[in-house]
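The values are calculated or read from the model by the stated rules, or taken from the named source; none is laboratory data. Computed from a prediction, not measured in an experiment: that's the story for all the values here. Counting neighbours? That spans all protein chains shown, and the Cβs are built from the backbone with ideal geometry, glycine included. Heavy atoms of the whole protein, side chains included, go into the accessibility calculation; ligands, DNA and RNA do not. Shrake-Rupley method; radii C 1.70, N 1.55, O 1.52, S 1.80 Å.
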Amino acid sequence: MKSLRELYKIGRGPSSSHTMGPLKAAEIFASRHPEAKSFEVTLYGSLAATGKGHLTDVAITGELEKTAPCCIRWRPDIELPFHPNGMSFTAVEQDGSASEPWVVYSIGGGALSEGKENDFFAATPDVYPLHTIGDILEWCRSNGRTIWEYVEKCEGPEIWDYLDGIWSAMCRSVENGLSNEGALPGPLHLTRKASTYHIKASGYKPNLQSRGLVFAYALAVSEENASGGVIVTAPTCGSCGVLPSVLYHLEKRHEFSRSRILRALATGGIFGNVVKTNASISGAEVGCQGEVGVACAMASAATCQLFGGTPSQIEYAAEMGLEHHLGMTCDPVCGLVQIPCIERNAFAAARALDSNIYASFSDGFHRVSFDQVVEAMKQTGHDLPSLYKETGEGGLARFDL
């Protein structure tokens, strides 16, 4: 299993799979052909279907045209066999000859693959010998340790410096989102709501105020993402508002130390990493259950860690966070990460807090394990018709709003 550095990435929205991944691919291809006369890029499947709404073409041409002109071809009618988010890059050299096409896939969370199982392109080496939550919990029980201690053992103490930078970026995304107002880019002309929710929350009694603030923080990050601002994939851009909003709220309300917040980030990250390894976090592959559902599981685990949950209770909280998103479709209106994506982040943040409370009342024992839910999520995603997986054709995406 890969490092958490491959899960938590700082970048620009609105989509890790449709913006960050293609941008990274364009950077790699441009570095291979520094003397190219021109470029041609073909986008396939889901990447082509909603690429314009996700600024895929802007990301690619913005990078390649630093070297030479670029032509984008859109083929939503063709889906390559490995993954719905396929791309083909070709360079025309100065002598007129064309390079061999480079076929690469944006598989979610900004990661790339050249089309083979577990060959994440340019990724860091495996650092975790265990790749199921069940095995990790057994390690915790056998060694009397917590999940974050397993992270430190495998990653080394330097992971805390990395997560410190990640947390700083998450906080900036919340605060930037709260300070910005106006309409989000795109044909929907959707008005930002985070600052309004933040102001209104102050007028409620403490119990409602708490929920209102979580909503505001989640909206803030998701609106920053939708406008192309800098966010952290957690595990993706489309679900980037869930984990930061929960941890930001808890840090402010309960004055948790920074070190405890970083341990919560590590704990939540392990659950996202397990899903990324054993199933998928790509909405184009498994629907929104793999994005918002996984983000909710991560936030649920992180919250339970903060409040002193045992490893079993943490696993239970994460299991509920994912289980109750099973079957969630990815149906972005106009191909934008706005409706219903932004609201889903806010509701998933609230559900993460509820998952922690529910798990904390238990002894951690439950019948369905997190690993079983991951397996069910993967199969459910494969069973979903393609029009419900980020193609902008089914579900809410059918309506002209």
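Below, the figures for the structure above:
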| read-out | value |
| --- | --- |
| Check on A220, surrounded by fewer than 24 Cβ atoms within 10 Å (Cβ to Cβ) and either closer than 20 Å to A301 by Cβ or of a type outside the set (K, R) (or both) | no |
| Residue list for the stretch 42-92, filter: aliphatic (A, V, I, L, M), buried (at least 22 other Cβ atoms within 10 Å of the Cβ) and over 17 Å from G392 (Cα atoms) | A59, I60, L64, M87, A91 |
| Residue count for the stretch 359-385, restricted to those that are crowded, with 16+ Cβ neighbours inside 10 Å, part of a helix (DSSP H, G or I) and not basic (K, R) | 10 |
| Unique match (being over 21 Å from D331 (Cβ atoms), of a type in the set (A, V, I, L, M) and in a strand (DSSP E or B)) among I231, I199 | I231 |
| Listing of helices (runs of 4 or more DSSP H) fully contained in the stretch 1-108 that carry 3 or more residues being out of contact with any Pro (no Cβ under 8 Å at 6 or more places or on another chain) and under 19 Å from T233 (Cα atoms) | 21-32 |
| Unique residue being over 23 Å from the mean Cα position of the chain (by Cα) and open to solvent by 10 Å² or more (accessible area, probe 1.4 Å) when the list is G203, G228 | G203 |
| Residues that are farther than 14 Å from G293 by Cα, within 19 Å of the chain's Cα centre (by Cα) and among the hydrophobic types (A, V, I, L, M, F, W, C), drawn from the stretch 316-361 | V333, L336, V337, I339 |
| Selection within the stretch 323-333 - touching a Cys at 6+ places or on another chain (Cβ under 7 Å) and free of Cβ contacts under 8 Å to residues at least 60 places away in the same chain | H325, M328 |
| Count of the stretch 252-265 residues which are part of a helix (DSSP H, G or I) and surrounded by fewer than 24 Cβ atoms within 10 Å (Cβ to Cβ) | 9 |
| Matching residues in the stretch 295-308 - criterion: being surrounded by 24 or more Cβ atoms within 10 Å (Cβ to Cβ) and either more than 15 Å from Q372 (Cβ to Cβ) or among the polar types (S, T, N, Q) (or both) | A295, C296, M298, A299, S300, A301, A302, T303, C304, Q305 |
| So D400, is it free of Cβ contacts under 8 Å to residues at least 12 places away in the same chain and open to solvent by 60 Å² or more (accessible area, probe 1.4 Å) | yes |
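Per-residue answers, yes or no, for (1) open to solvent by less than 10 Å² (accessible area, probe 1.4 Å); (2) more than 25 Å from R5 (Cβ to Cβ); (3) touching a residue at least 60 places away in the same chain (Cβ under 8 Å):
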position	(1), (2), (3)
G268	yes, no, no
G283	yes, no, yes
Q289	yes, no, yes
Y316	no, yes, no
G335	yes, yes, yes
Q338	yes, yes, yes
A349	yes, no, yes
